[in-house]
Amino acid sequence: MAETLRGAVRERATTRALVGWVVVVAALYALLGSSPLQLATSLATGAVVGAARLLAEVYDLRDEVETLALGMISLAGGAALVAVEGDNQSVGVAFLLVGAWTALDAGQVLRHRGLADPSKARDGRDVYRDYLARRVHEAVRDRRRTPRELREALDAEGEEVDRAVEELRERGVLRRVGGELRSVDDDERADRGTLARTRSAVRAGLHRLARPIAIEFESESSATGDVR
């Protein structure tokens, strides 16, 4: 175990934290009438997710490490509920579905983008990446460009340009239409109407739900050199 990890564990394993855990367990068991299975599931979830969060903080890992742990716990809890609930298995099935999607989504991100989170790096590159993201936005705002045209227009590594594009797309600043990258229109961003907000929320939700599959196709296109 790394010294930094031991230090982080010592910082969190205080008497106050342990007393807090005891209070939570007592409340779940005595006040809320939780069953032993529910109690064990809650404790296991807290322990696994807490450990994943600690590892992510110490080693600058992506937040998806914690999400993956939560998905795996949801799968295990859902399977246990399905096994013991008998006829009423709707809650267990719901846990299984949510856990499966959560684990798949986080696993795909970690598989294709790596465990380390570049945004958490402490080497000062975040300033450069912010600068490059602004240049990418300005270039696409001037006129629509394909990813290849964008890489050729900017004096930067292609991988850095692609990362900036992905960040801007996740923030809703850029969007891909066909083979081109476009800046989101100012009037669309300024529209505060209910219909516009609903469309935006639905589009973002669908994009988020489709990410485990979409990231697979994006990686295949990058590997084959296909420009979309």
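The values are calculated or read from the model by the stated rules, or taken from the named source; none is laboratory data. Because the structure is predicted, anything quoted here is derived from the model rather than measured. Counting neighbours? That spans all protein chains shown, and the Cβs are built from the backbone with ideal geometry, glycine included. The area values use the complete protein model at the heavy-atom level, side chains included, leaving out ligands, DNA and RNA. Shrake-Rupley method; radii C 1.70, N 1.55, O 1.52, S 1.80 Å.
Points to keep in mind about this one:
- Failed item, numbered, when N88 is tested on (1) surrounded by 14 or more Cβ atoms within 10 Å (Cβ to Cβ); (2) not in a helix (DSSP H, G or I): (1)
- Members of segment 172-228 found to be within 17 Å of the chain's Cα centre (by Cα) and either in a loop (DSSP other than H, G, I, E, B) or at pLDDT below 60 (or both), listed by number: G172
- Options V82, V109, V93: the member that is under 12 Å from the mean Cα position of the chain (by Cα) and open to solvent by less than 80 Å² (accessible area, probe 1.4 Å): V109
- The condition of being closer than 30 Å to F217 by Cα and not charged (D, E, K, R) holds for only one of G78, G50, G46, that being G78.
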